[in-house]
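See below for the structure under consideration.
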Amino acid sequence: MKKVLLLLSVFLLVGCMDDDIISPIDDIVEVPASLQIEDVQGLKVESTIVSDEVRMNIKLPYTGTYRVKIRDISKNLVSQEKLDANEGDNILKVYVSSLENNGYTLELTDDNHDIIGITSIVVNN
Amino acid sequence: MKKILLLLVSVLCTLNVFGQTDAKLDYSAVNTVTKVGDTLIVKLQYFEGKDANNTAIEPTLYQFDFQYNNKLLNKISTTWQPSSTSAQKAINSWNGYKFSIDSQKNQTDFDGQYVSWLSGDASYGSDSDWSVERVTYQDTDALEDGQEFVKYEFIIKDKANTNYSNYDDILNANWANYKKSDNTQVGATGQSTLASLGSIEGGDAGNVTLNILTNIIDDNIGDGTHFTYNIYNKSDIGSGNQPNEGASIVASGTYDASGQAVVTGLENDVEYFVWNWADGSKDYMDNVVTVSDLALVFAEAIGAGSTPNGTSTTFDYYIQTFIANIFHDEAFDGNIDFQDSYEILAYLQGVTSNNTTYITYKDRAVQTGGNESTFGTIDSNGSYFAGIDATFKPTDSNKSFNFVHALMGDVNFSHSWEPDTEGTAIPASTQTNASAARMSMAAGSKFSGTAEEANLDLTSELKNGLVEFTIGSEVEEMIGAQFNIIYDKTRLVLDNVIFDTGNTMTNFSNHIEEDGKINIGSFDQNFEATVKTGTPYKLIFVPIVQLQNTSGLITFKVNEGVKADGTQIKFIME
């Protein structure tokens, strides 16, 4: 009987806890091993050679507005996304169907164009 | 007195000795040959010698060897010339031998070399380039002075791929064995070699190098493999540099990445014409004609056209008139007028014209070009065709040729070759401004010419379930702007284009849905109004798949602006 009461008490305690403490399950980003970044910030793609699309992780020091830029071999900007993202890991995608097969650099900057992370990709559509 | 007599006797004896003359073995070309494949006829001839009494020496045996270069000559026939029926005659031939003379004797001491050959001081060694002929003629009577022994016919061979650079030393006598009936050796001499045949034209030109020059390669828009060549005989090229009906292509192929091709199968000293073709299916063909070209053509049209001598023109180069004349009747008229500029504007707006125009775009690359040294020049009659001549002639001394390539409508040479040789630029003194509007235009602007830099912000963003692509600009004094945008048509559908460029600008958008392309821009044909700063252009797309973000969904190729004075604006995008 004691055991039953103890178990009930635990359920009651858990049930009275603040939602904020237990709800972040939805906000927790599951970062696959291939996209994990050890530093506090950075940029990582799942695969350097890309067809159609690839997952990327942008790991940020704080929540805010950032830019993801794609540059060609001459460092000319050929595509740019502006996005609001959260502190920590953000698993997003890079779409490459509209890019010609070539080598590019992928840049993560803050809204003032200061570089946070940079990597290279090869488009092979 | 004794001494005087002795001296006299000596002199007389000497005179007697020097009075003897050797017989001659003479050989010379009967005809003139000028090109590979011609038949060379060589006659071998006897000239009698004289003894000390100035009496003709009368040999009855005539035998001699000569050799010829079998890499340059192909023996095809021999014909005896003496008519005697009693004579014994023989011709022997050996391939792969060359005579090494007795260096202690003159080469032209033919009887001496014969003796040396018998003794082994002169000999035949193996040499695959040379063939030896031995001619033997014996009769009861001596030949007459000047009698020809035999005529040889040879075909002139191509010296390409041989170790020989000329036809200077191709045949020479080795020795001669003339004997009298009492078996006395008769002195014999002659020239050292057959006279040079001089310049022989034609023949396999070997490796001929073609180079294609264009900003497509120089600016890494594409590479040389996007270019092919078709080579015709010049005689098969008709008016407008077009191949005549039924003309055959002599050689064709593709340039390498650097824009170079090594062509074989051509002949020396033959005139050819090459048509160089860019691959019109490349996407960048849609970026060839832009608002910068439009501005140049409009400026020229405002001046009521140009003339070949440069009077009243804003262009820098004569060839710009040819390239800008995208609308004309069947014959090129060389008049740049509003029809040309409005056709370009219509093209940029995506409006289908009822007229046939010569604007380059994807799958319709209208191409021209010529030799680098003459491209863009005009002749004394003002004809532009003089400057688009791609004729070339390989010779022994010249086997490398530079050709340039240009695309019609590409007035600012963004995807073409900008002339850089003398006679291609219009003198500044003749670039007369002709109207008030034109007064504000600089004398032409060029793709690689002076450009001003300005910041611009092109971004895509996911907003309220839609993808917005905005072009933010703080650039002032911009009378024209263009942006060629490519979007991922498998994920996005274009919903709206929003212009906020000002009230008087002519805006254009050309949506090529099947390619996922949209070209947008603005232009003020009066060169007065400017594109409003802020967010002059915005594109709204509806996603057709679930999206979390937009990276890479929208890319941009051409981003250019032009100021009222013709200066190109080079956008900087951080």
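The values are calculated or read from the model by the stated rules, or taken from the named source; none is laboratory data. Everything numeric here is computed off the predicted structure, so don't read it as measured data. When we count neighbours, we look across all protein chains shown, and the Cβ atoms used for this are built from the backbone with ideal geometry, even at glycine.
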**Request:** Can you give me the number of residues within the range B:338-360 that are crowded, with 18+ Cβ neighbours inside 10 Å and outside any helix (DSSP H, G or I)?
**Result:** 4
**Item:** Meets criteria (in a strand (DSSP E or B), more than 10 Å from every other protein chain (Cβ to nearest Cβ) and either of a type in the set (Val, Ile, Thr) or buried (at least 21 other Cβ atoms within 10 Å of the Cβ) (or both)) for A:Ile116
**Value:** yes
**Request:** Could you please give the count of residues in the range B:326-337 that are loosely packed, with under 13 Cβ neighbours inside 10 Å and either of a type in the set (A, V, I, L, M, F, W, C) or within 16 Å of B:Val288 (Cβ to Cβ) (or both)?
**Result:** 1
**Request:** Mind listing just one residue for me: the one in the range A:83-121 that is hydrophobic (A, V, I, L, M, F, W, C) and more than 14 Å from B:Leu553 (Cα to Cα) and, of those, nearest to the chain's Cα centre (by Cα)?
**Result:** A:Ile91
**Message:** For the range B:553-572, which positions are facing another protein chain (nearest Cβ under 7 Å) and hydrophobic (A, V, I, L, M, F, W, C)?
**Reply:** B:Leu553, B:Ile554, B:Phe556
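Say we look at the range A:87-104 and pick out the residues that are among the polar types (S, T, N, Q) and under 18 Å from B:Asn549 (Cβ atoms); which of these is surrounded by the most Cβ atoms within 10 Å (Cβ to Cβ)? Reasoning before the result, please.
Of the residues in the range A:87-104, the ones among the polar types (S, T, N, Q) are A:90, A:97-98, A:101-102.
Retained after the next criterion (residues that are under 18 Å from B:Asn549 (Cβ atoms)): A:90, A:97-98.
Numbers: A:Asn90: 21, A:Ser97: 19, A:Ser98: 24.
Per the criteria, the residue is A:Ser98.
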**Asked** So A:Gln80 clears everything in (1) at the interface with another protein chain (Cβ under 9 Å from one of its Cβ atoms); (2) under 17 Å from the mean Cα position of the chain (by Cα); (3) surrounded by fewer than 21 Cβ atoms within 10 Å (Cβ to Cβ) except one condition, right? Which one?
**Response** (3)
**Request:** Quickly run through the range B:509-530 and pick out the residues that are crowded, with 22+ Cβ neighbours inside 10 Å and either in contact with a helix residue (DSSP H, G or I) (Cβ under 7 Å, 6 or more places away or on another chain) or over 23 Å from B:Asp495 (Cα atoms) (or both).
**Result:** B:Asn519, B:Gly521, B:Phe523, B:Phe527, B:Thr530
**Request:** Enumerate the pairs (first residue in the range B:179-206 and surrounded by 15 or more Cβ atoms within 10 Å (Cβ to Cβ) and among the basic types (Lys, Arg); second residue anywhere and in a strand (DSSP E or B) and modelled with pLDDT of 90 or more) with beta-carbon separation below 7 Å, excluding pairs fewer than 6 apart on the same chain, so at least 6 apart or on different chains.
**Result:** B:Lys179/B:Pro59; B:Lys179/B:Leu61; B:Lys179/B:Gln185; B:Lys179/B:Val186
**Asked** So which residues in the range B:90-136 are among the small types (Gly, Ala, Ser) and farther than 18 Å from B:Thr189 by Cα, if there are any at all?
**Response** B:Ala90, B:Ser93, B:Gly96, B:Ser119, B:Gly120, B:Ser123, B:Gly125, B:Ser126, B:Ser128, B:Ser131
**Asked** What tally of residues in the range B:139-180 results from selecting those that are within 24 Å of B:Asp102 (Cβ to Cβ) and not in a strand (DSSP E or B)?
**Response** 3
**Complete:** (1) without any contact (Cβ under 8 Å) to a residue 40 or more places away in the chain; (2) closer than 24 Å to B:Asp236 by Cβ all hold for B:Thr352 apart from (2)
**Asked** Would you call B:Asn309 at pLDDT 80 or above and not hydroxyl-bearing (Ser, Thr, Tyr)?
**Response** no
**Item:** Index of the failed condition, B:Asp396 passing every other in (1) closer than 30 Å to B:Tyr167 by Cα; (2) at pLDDT 90 or above; (3) out of contact with any Ser or Thr (no Cβ under 6 Å at 6 or more places or on another chain)
**Value:** (2)
**Asked** Counting only residues that are more than 8 Å from every other protein chain (Cβ to nearest Cβ) and not in a strand (DSSP E or B), how many does the range A:50-75 have?
**Response** 7
**Prompt:** Looking only at residues in the range A:83-113 that are farther than 21 Å from B:Asn484 by Cα and in a loop (DSSP other than H, G, I, E, B), which one is nearest to the other protein chains (Cβ to nearest Cβ)?
**Reply:** A:His113
**Asked** When B:Ala87 is evaluated against the numbered criteria (1) modelled with pLDDT of 95 or more; (2) under 22 Å from B:Gly187 (Cα atoms); (3) more than 44 Å from the chain's Cα centre (by Cα), which criterion, by number, is the only one it fails?
**Response** (1)
**Asked** Within the set of pairs 6+ apart or on separate chains, which have a first residue in the range B:84-96 that is of a type in the set (Val, Ile, Thr), a second that is surrounded by 13 or more Cβ atoms within 10 Å (Cβ to Cβ), and C-beta atoms under 6 Å apart?
**Response** B:Ile91/B:Thr78; B:Ile91/B:Val135
**Request:** Sort through B:Thr470, B:Thr550, B:Thr506 and tell me the only one that's touching a strand residue (DSSP E or B) at 6+ places or on another chain (Cβ under 7 Å), of a type outside the set (D, E, K, R) and more than 11 Å from chain A (Cβ to nearest Cβ).
**Result:** B:Thr506
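Residues checked against (1) of a type in the set (Ser, Thr, Tyr); (2) at pLDDT 90 or above:
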| residue | (1), (2) |
| --- | --- |
| B:Met441 | no, no |
| B:Gly444 | no, no |
| B:Asn455 | no, no |
| B:Ser460 | yes, yes |
| B:Lys489 | no, yes |
| B:Leu494 | no, yes |
| B:Phe508 | no, yes |
**Message:** Taking the conditions exactly as written (over 30 Å from B:Gly202 (Cβ atoms), surrounded by fewer than 18 Cβ atoms within 10 Å (Cβ to Cβ) and not aromatic (Phe, Trp, Tyr)), does B:Asp316 satisfy them or not?
**Reply:** no
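Just to check your reading of the model, which residue among B:Asp236, B:Asp279, B:Asp256, B:Asp283 is among the charged types (D, E, K, R) and within 30 Å of B:Gly37 (Cα to Cα)? Steps first, please.
On the way: B:Asp279 fails: within 30 Å of B:Gly37 (Cα to Cα); B:Asp256 fails: within 30 Å of B:Gly37 (Cα to Cα); B:Asp283 fails: within 30 Å of B:Gly37 (Cα to Cα).
Exactly one residue qualifies, and that residue is B:Asp236.
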